[in-house]
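Single-structure report; data block below.
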């Protein structure tokens, strides 16, 4: 398998070579520097105005045994560009070679969690399920779906990821079953006869025929047992998807099948969700989340032997990020800054908190469900970008 193990990562096997050369020079010259290094993203993909921090749990696994102190935002914190999300303090030679891995943990996980949060924000109370594991290397499928979940997705599709987050895997039926069984109605009846009653009966209705006629056929065949129908209509046959959904909803309602839910998948992202919300009850989102643009974090030294210092384009010195829990307005201030009140009159709280001290986690890592709740609570006050809304 073309993947690195945790041992490989801890041994620096996935580190950029120039960090090893730097370490070799410093050790040969007997240069030791106590530094502080921060992780920030100057910009977010697609001009997004906020991101969801993820990957902290994996960073903890790498950092907890090192001679460093770490301040970090809580995993799931919604952050803005230029805000430091994590700060590491210690001898540079004790942690410098892990820059590549730490950035890898944060950049991809945060991109996935952010895109999931955007889809969930667009969907509102409607369900959003992560369907994108098949688009990525299977060895990272649990990472993808775990971060999709904490970002706001209501469920995940793969068994390993479901175990990781403490939930049951979610899914409907594939086109394969319908092709083998001959038609949607036969496949749906077989599903109803065989699969555990605790699993919702959701029929796929776009394999061979018109969506509204297939939906009516399975509705008549399964009656009250049918929870919903899923439309995964290919783009080449989709036409005006909004009108297709409108027809399906109309025809079902007209015949008394008002309780049957409409689920859609295939090429769905936050823009598409906003267009289809009027008729759709839940979404399966695949590539948009699993292949989300990474958040371009960088790690930079901002203090050396107690003296603020940074390269061009970076602000030196250790910092605080404070945020008002009422209006969620935030501000970056020097670490030495005293008490700060928000413009709205509320008291601010620090987002960068002690995370690792004396080779120990300051607090136990939260479960995925707890992180997801934290994200959803913040999302109530964070709008989608104006060009989307």
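The values are calculated or read from the model by the stated rules, or taken from the named source; none is laboratory data. The shown structure was predicted, so the numbers you read here are calculated from the model rather than taken from an experiment. With ideal geometry, Cβ positions are generated from the backbone for all residues, glycine too; neighbour counts draw on all protein chains shown.
Would you mind telling me which numbered condition in (1) surrounded by 13 or more Cβ atoms within 10 Å (Cβ to Cβ); (2) in contact with a strand residue (DSSP E or B) (Cβ under 7 Å, 6 or more places away or on another chain); (3) farther than 30 Å from residue 119 by Cβ residue 67 fails?
(1)
Taking residue 305 and the conditions (1) surrounded by fewer than 14 Cβ atoms within 10 Å (Cβ to Cβ); (2) touching a helix residue (DSSP H, G or I) at 6+ places or on another chain (Cβ under 8 Å); (3) touching a residue at least 60 places away in the same chain (Cβ under 8 Å), which numbered condition does it fall short on, given that it satisfies the others?
All conditions are met except number (2).
Give the number of residues within region 333-375 that are crowded, with 17+ Cβ neighbours inside 10 Å and touching a residue at least 60 places away in the same chain (Cβ under 8 Å).
Selection size over region 333-375: 10.
Is one or more of the residues making up region 137-155 in contact with a strand residue (DSSP E or B) (Cβ under 7 Å, 6 or more places away or on another chain), surrounded by 23 or more Cβ atoms within 10 Å (Cβ to Cβ) and closer than 30 Å to residue 358 by Cβ?
No, every residue in region 137-155 fails to be in contact with a strand residue (DSSP E or B) (Cβ under 7 Å, 6 or more places away or on another chain), surrounded by 23 or more Cβ atoms within 10 Å (Cβ to Cβ) and closer than 30 Å to residue 358 by Cβ.
Here is a yes/no grid of residues against (1) part of a loop (DSSP other than H, G, I, E, B); (2) farther than 26 Å from residue 137 by Cα:
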{"residue": "37", "(1), (2)": "no, yes"}
{"residue": "49", "(1), (2)": "yes, yes"}
{"residue": "58", "(1), (2)": "no, no"}
{"residue": "61", "(1), (2)": "no, no"}
{"residue": "74", "(1), (2)": "yes, yes"}
{"residue": "82", "(1), (2)": "yes, yes"}
{"residue": "95", "(1), (2)": "no, yes"}
{"residue": "99", "(1), (2)": "no, no"}
{"residue": "111", "(1), (2)": "no, no"}
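Only one of these conditions is not met by residue 322: (1) within 29 Å of the chain's Cα centre (by Cα); (2) over 27 Å from residue 153 (Cα atoms); (3) surrounded by fewer than 16 Cβ atoms within 10 Å (Cβ to Cβ). Which number is it?
(3)
Could you grab me the full set of residues in region 214-241 that are farther than 17 Å from residue 175 by Cβ, at pLDDT 95 or above and not in a strand (DSSP E or B)?
Of everything in region 214-241, those that are farther than 17 Å from residue 175 by Cβ, at pLDDT 95 or above and not in a strand (DSSP E or B) turn out to be 216, 219, 220, 221, 222, 223, 224, 225.
Kindly establish whether residue 35 is assigned by TED's automatic domain parsing to the domain that holds residue 301, surrounded by 14 or more Cβ atoms within 10 Å (Cβ to Cβ), under 21 Å from residue 305 (Cβ atoms) and touching a helix residue (DSSP H, G or I) at 6+ places or on another chain (Cβ under 6 Å).
Here the answer is yes, as residue 35 does meet what is asked.
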